[in-house]
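Written below as C-alpha cells is the structure these notes are about.
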Amino acid sequence: MDLGIEGLTVTVDGRHLVQELGLTLASGEIVGLVGPNGSGKSTALRCVYRALKPSGGVVRVGGDDVAQMTLRETARRVAALTQEAQSDFDFTVDEVVALGRTPFKSGNEPLTAAERDLCRDAMRHTDIAHLADRGILSLSGGERQRVMIARALVQEPQVLVLDEPTNHLDIRHQIAVLGRLRGSGPTCLVVLHDLNLAAATCDRLVVLSEGRAAAVGPPADVLTEQLIAEVFGVDVTVVPHPLTGDPQVLFTLPGVEAAQQSVPDTETPTEKSE
Ligand SMILES: Nc1ncnc2c1ncn2[C@@H]1O[C@H](COP(=O)(O)OP(=O)(O)OP(=O)(O)O)[C@@H](O)[C@H]1O
C-alpha cells in the first residue's frame, strides 16, 4: 500500500519543525529518514502515525487521507514503533506482543489460533520467544525494543513506520531486524541514525535538515561526502561496500591522524639475529 506525504508542515510557537515535506512511497518501498538531531524526523513520523496533527499538509495511506479515518481504521493499516512507546504496567512479553492485534478485535475477544501463531512467529523472528512469560519492565533495553518490534509486526501493517528501530540493539539484532524489514513486504518509513545501516536497508533516503528535505534519492546518490559535510557538519570518507556497492561512511575522530603507511621490514628474523 502506498504512503503519500504532501506539503507536511508542523509549526510550534512560530517555529517550523517540519516544512513542506512531500514524499511518496510506493507499495513495499523502504525509505529512510536521516538527518541531524532536531531536524524534524520524529515529528514528521508522528504525523504519519497520528500522534500529532500537522499544521498543514496531508498524509495519505492507500490514497486515503488519514485525518478522515478513525484511529482504528488507521491502526489496521499503519503500525508504528515509536520512541515513546514504553509501558508503565508490567505486562508479560506475550501480552504486549498480543496487543498488536487490538485494532482487529472487539472488547475482550480472544486471539484466534492463527493470531497466536502469528505472535509466536513474530517472537521467534525477533528472538524473544524465550522471554514470553517475563514482565516487560524487567527486560533490558534491547530486549524491550525487540518486543515492541514484534508487537508492530503482529499488527500485519501495510505501512510500517519505525523511529530508530535499532536503538539499543546489538549488531546481530540490528542486522536481523533490518534484514527482516527488507524481506517483509509492508511499505516502510524508518528513521535511522546510522548512515551505513540506512544505506544497506533503504531503497531511498530523505535527508532532513531544519525540517526540510535537503536531498532525496537512492543512498548512493544522497550519501556523498559533500552533502554529509553540509548537513551534518562533519568530514567523512565515503567508499563503496566491497560486496554490495552500497555507500559506507568512514570517519576519524578529531585529532586522530591518518595512519602512516608502515615501511615494510625486508629483513627476516634470522638475518636480524645474525
Ligand atoms: N512539542 C514541541 N514543542 C516545541 N518544540 C518541539 C516539540 N516537539 C519537538 N520539538 C522540537 O522540534 C525539533 C525537531 O524535533 P524532532 O524530535 O522531530 O527531531 P529529530 O530529527 O527526530 O531529532 P533526534 O535525531 O534528536 O531524535 C527539535 O528542535 C525539538 O526540540
If you stretched the chain out fully between T11 and D121, how much longer would it get, using 0.36 nm times the residue separation minus the C-alpha to C-alpha distance? 35.5 nm
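What FRET efficiency would be calculated for the residue pair R212, L111, taking the C-beta separation as r and a Förster radius of 45 Å, to the nearest 0.05?
0.55
Between T237 and D194, what is 0.36 nm times their sequence separation minus the Cα-Cα distance? Round to one decimal in nm.
14.0 nm
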With every protein chain left in place and a probe of 1.4 Å, what is the accessible surface of R204, to the nearest 10 Å²? 60
Most fluctuating of T92, T252, T237 in the GNM of the chain (C-alpha, under 10 Å) is T252
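Per DSSP H run of at least 4 residues, take -39500 (n - 2.57); add these up for the chain, divide by its residues and hand me the 222 nm value, nearest 500 deg cm²/dmol.
So the helix-based figure for the chain works out to -8500 deg cm²/dmol.
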When the charge dipole of segment 32-174 is computed with +1 at the Cβ of Lys and Arg and -1 at the Cβ of Asp and Glu, the Cα pointing farthest to the positive end, of P103, G38, L162, is that of G38
In whole percent, how big is the carbon plus sulfur part of the accessible area of segment 16-96, probe 1.4 Å, protein atoms only? 48
Can you give me the three principal axis dimensions of the chain from its C-alpha atoms, in Å, biggest first? 87, 47, 32
Name all residues of segment 156-175 having a backbone nitrogen under 19 Å from the label point set 7 Å from the Cα of V256 along its Cα→Cβ direction, giving them as ranges. 171
If I take all pairs of Cα atoms in segment 174-244, what percentage of them are more than 16 Å from each other? 51
Rolling a 1.4 angstrom probe over the protein heavy atoms, how many square angstrom per residue are accessible across segment 13-128? 52
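Just for the chain, what percent of DSSP beta bridges are antiparallel, to the closest 5?
Percentage antiparallel, nearest 5: 60.
The values are calculated or read from the model by the stated rules, or taken from the named source; none is laboratory data. Quick caveat, the model's predicted, so the values are computed rather than measured. When we count neighbours, we look across all protein chains shown, and the Cβ atoms used for this are built from the backbone with ideal geometry, even at glycine. What goes into the accessible areas is simple: the full protein's heavy atoms, side chains included, and nothing from ligands, DNA or RNA. Shrake-Rupley method; radii C 1.70, N 1.55, O 1.52, S 1.80 Å.
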